[in-house]
Amino acid sequence: MSQPETPTIQTEVQVMFFDTDCAAVVHNIAYLRFIEIARTLLAEQLGLGLVRMAETGAYPVVVHT
């Protein structure tokens with residue numbers, strides 16, 4: 001039996017000056033924002049837009065980073 005295709009999404013997120021330190025290294029907390037943007041877009045792609053999530057009470061969450 002074949003495995004179902006894993007849903008994926010690809011998006012570009014602009015790293016802002018405030019996301020970095022003086023050495024232009026991106027802060028770890030900024031990556032969580034990037035993950036949340038991708039999670040929201042993926043949920044929409046799978047039919048779970050914000051309105052649908054509010055209606056159904058089903059919310060995808062990040063459980064591990």
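Some notes on this structure:
- The chain - percent of accessible surface contributed by carbon and sulfur, probe 1.4 Å: 60
- Heavy-atom SASA rank of 6, 40 (probe 1.4 Å, accessible area, largest first): 6, 40
- Calculated diffusion of the chain, Stokes-Einstein form, Kirkwood radius summed over Cα pairs, 4 °C and 1.567 mPa s, µm²/s: 92
- Angle between the chain longest axis and helix 28-45 axis [Cα atoms, degrees, rounded to 10]: 30
- Using a probe of 1.4 angstrom and keeping all protein chains present, the accessible surface of the chain works out to 87 square angstrom per residue.
- Local electrostatic count at residue 43 - Lys and Arg +1, Asp and Glu -1, tallied over other residues with Cβ under 12 Å: 0
The values are calculated or read from the model by the stated rules, or taken from the named source; none is laboratory data. Here the structure is a predicted model, which is why all the values come from computation and not from measurement. Using ideal geometry, Cβ is built from the backbone for each residue, glycine included, and neighbour counts are taken over all protein chains shown. Ligands, DNA and RNA are excluded from the accessible area calculation, which covers all protein heavy atoms including side chains. Shrake-Rupley method; radii C 1.70, N 1.55, O 1.52, S 1.80 Å.
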